[in-house]
Amino acid sequence: MTDDTIKFRAATLADTDAVVALVESAYRGDSGRRGWTTEADILDGRRTGPDEIESVLGKAQGMILIAERADAPGELLACAHIAVEDDGSGYFGMFSVNPTLQGGGIGKRVLAEAERVAREQWNLSLIRMSVINVREELIEFYVRRGYERTGRFEPFPYGDARFGLPKRDDLSFEILEKKL
């Protein structure tokens, strides 16, 4: 897709169901297996829900960035949650690309747009994310885009179904950062 075929905008509450469907399709179940971002082999259960989307949209210092076809508004291609953290750095997460479109460059463009928003609109100099430690291919995707492995890890929230139902007992979140 060319630059003029994708339009970026901030999600609204009216987008909640579409965002949930996109995120779930990219990470869970058989639909997620069509793309390379699936977590289906390491997690069952939900990836997100309307409660989480509504919570994110209710915060002043954050947004869900949506990429949609310029000629078909409402057809979500990808999304990402970006926000300002308490320490003044940026946060990037919930990054989802329609599994049938993965590998076509849309994800790189969404990541670049999220970084632009954090840098230019929010005047942030650092953006941070957490990635499941066993997702080495995904971590390497971010490293190729300038993110650095910090050596810091956070525990996976075992027992909290809002984060999925783990199929492994060795999960944690690796923290990656990029200077903007």
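Of note:
- When the stretch 9-25 is filtered for residues that are of a type in the set (D, E, K, R) and surrounded by 13 or more Cβ atoms within 10 Å (Cβ to Cβ), the ones remaining, listed by number, are R9, D15, E24.
- The residues of the stretch 54-97 that are among the polar types (S, T, N, Q) and either more than 15 Å from D15 (Cα to Cα) or surrounded by fewer than 19 Cβ atoms within 10 Å (Cβ to Cβ) (or both), listed by number, are S55, Q61, S89.
- Output for the stretch 154-174, where each listed residue is farther than 22 Å from L111 by Cβ, open to solvent by 50 Å² or more (accessible area, probe 1.4 Å) and not in a helix (DSSP H, G or I): P155, Y158, G159, L165, K167, R168, D169, D170
- Condition met for E177 (within 14 Å of G93 (Cβ to Cβ), assigned to a strand (DSSP E or B) and open to solvent by 70 Å² or more (accessible area, probe 1.4 Å)): no
- Flag for R149 being outside any loop (DSSP other than H, G, I, E, B), open to solvent by 20 Å² or more (accessible area, probe 1.4 Å) and in contact with an Asp or Glu (Cβ under 7 Å, 6 or more places away or on another chain): yes
- Breaking point among (1) under 22 Å from Y27 (Cα atoms); (2) out of contact with any strand residue (DSSP E or B) (no Cβ under 7 Å at 6 or more places or on another chain), for N123: (1)
- Considering V110, V143, the condition of being of a type in the set (V, I, T), part of a helix (DSSP H, G or I), under 29 Å from D41 (Cα atoms) and open to solvent by less than 40 Å² (accessible area, probe 1.4 Å) is satisfied by V110 alone.
- Members of the stretch 90-148 that are farther than 18 Å from E75 by Cα and of a type in the set (K, R): K108, R116, R119, R128, R135, R144, R145
The values are calculated or read from the model by the stated rules, or taken from the named source; none is laboratory data. Not measured: the values here are computed from a predicted model. For neighbour counting, all protein chains shown are included, and Cβ atoms are generated from backbone atoms with ideal geometry for every residue, glycine included. What goes into the accessible areas is simple: the full protein's heavy atoms, side chains included, and nothing from ligands, DNA or RNA. Shrake-Rupley method; radii C 1.70, N 1.55, O 1.52, S 1.80 Å.
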